[in-house]
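Asker: Can you read through this structure? Questions will come right after.
Every read-out reported here was derived from the displayed coordinates using simple, explicitly stated rules and does not represent laboratory data. Remember, predicted model here, so these are calculated numbers, not experimental data. For neighbour counting, all protein chains shown are included, and Cβ atoms are generated from backbone atoms with ideal geometry for every residue, glycine included.
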Amino acid sequence: MNRSASFTTMCAAVCLFVPGGTATAGVLEFEDKDEWLDAIGPFVTVDFTGFEPGTVITDQYADLGVLFVDGFYTIKPFDPFLFPNDGWGLDGNGNITVAFDTPMAYIGVDYPGFLRIELFRDGKLIYTSSVFFGDPVGNFAGLLSTKLFDMAVLMDDPPPDQAAIDDLHFGPPDCAPDLDGDGSVGILDLLALLAAWGTDPGGPPDFDGDGTVGILDLLALLAAWGECP
């Protein structure tokens, strides 16, 4: 994937060419994990290993940028049937609400049973997914959204069934010109590009991948100026 493209451009290409993705209101839905992985950038995985069964999960993954906010989600006893990735999973005792410390662009969930995902930004619902059906175990649901979200609610369907998840995956928008990682493209990113001018850094700020930081890379950075999408 060309990392010099803006997230909006990238998603437009994905919406056109990724088989199995369903585009609705700027969101692609995936049931095939490999296709979702091909469509996204770097991501974080929460696998719920390393805790005793019954442990309440709240802020244990805060260092990864995610909080489980309701305070009553518990680690399920080891069960390699329900949670084939590693045998460990999370019981929502209802719906599972996760809040992210920075806006995200994609989320993926390994789960048993059925799943529906709601995405929120600043407390407002921005998207409700289809109901993901599947076999009793070993299912995947993935979303790729041009509308960034800072909270997601994972729910079994129909309610009031209890959601349980195997692994949770999520990541921010791909914004390669944001060289300092502060969520926007600005003067510090420009200075970093200029400092690398004429060199081959083996990646950004050589956005066009031609082996040299030059005028085309400068134009790519200027075109992305401002807050990352």
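Asker: Of (1) -0.25, -0.48; (2) -0.59, -0.75; (3) -0.33, -0.59, which one was derived for log10 I(q)/I(0) by the Debye sum over Cα atoms at q = 0.08, 0.11 Å⁻¹ from the structure shown?
Answerer: Computed from these coordinates, log10 I(q)/I(0) by the Debye sum over Cα atoms at q = 0.08, 0.11 Å⁻¹ corresponds to label (3).
Asker: Normalised by the number of residues in segment 184-227, what is the relative contact order in percent for Cα pairs under 8 Å and 6+ residues apart? Write out the running numbers ahead of the final one.
Answerer: Numbers: 48 pairs, mean separation 18.4, N = 44.
For segment 184-227, the relative contact order is 42 percent.
Asker: How high is the relative contact order of the chain? Use alpha-carbon pairs under 8 Å, at least six apart in sequence, and give a whole percent. Numbers along the way, then the final one.
Answerer: Numbers: 514 pairs, mean separation 50.1, N = 229.
Across the chain, relative contact order equals 22 percent.
Asker: Would you please calculate the Kirkwood hydrodynamic radius of segment 37-81 over all C-alpha pairs and express it in Å, rounded to one decimal? Don't skip to the end; give the middle numbers.
Answerer: On the way: mean 1/r = 0.0818 Å⁻¹.
It is 12.2 Å.
Asker: Are there chymotrypsin sites (Phe, Trp or Tyr not before Pro) in segment 164-217 that DSSP marks as loop and that have at most 16 other Cβ atoms within 10 Å, and which are they?
Answerer: Numbers: sites: F170, W197, F207; in loops: W197, F207.
Qualifying residues, ordered by number: W197.
Asker: Net charge near L82: determine it from the other residues with C-beta under 11 Å of the C-beta of L82, scoring Lys and Arg +1 and Asp and Glu -1. Could you put the intermediate results ahead of the total?
Answerer: On the way: positive: K76; negative: D79, D91, D110, D166.
Summing Lys and Arg as +1 and Asp and Glu as -1 gives -3.
Asker: Only sites in a loop by DSSP and with at most 15 other Cβ atoms within 10 Å count here; which chymotrypsin sites (Phe, Trp or Tyr not before Pro) in segment 44-138 make the cut? Can you show the working numbers first?
Answerer: Working: sites: F48, F51, Y61, F68, F72, Y73, F78, F81, W88, F100, Y106, F114, F120, Y127, F132, F133; in loops: F48, F51, Y61, F72, F78, F81, W88, F114, F133.
Taking segment 44-138 and a limit of 15 other Cβ atoms within 10 Å, the loop chymotrypsin sites (Phe, Trp or Tyr not before Pro) found are F51, F72, F78, F81, F133.
Asker: Restricting to Cα pairs below 8 Å that are 6+ residues apart, what does the relative contact order work out to for segment 149-213? Please round to a whole percent. The partial results should precede the final answer.
Answerer: On the way: 51 pairs, mean separation 13.0, N = 65.
Worked out over segment 149-213, it gives 20 percent.
Asker: Count charges around D200 for me, please; just the other residues with Cβ under 13 Å from its Cβ, Lys/Arg as +1, Asp/Glu as -1. Numbers along the way, then the final one.
Answerer: Working: positive: none; negative: D206, D208, D210, D217.
Once positives and negatives cancel, what remains is -4.
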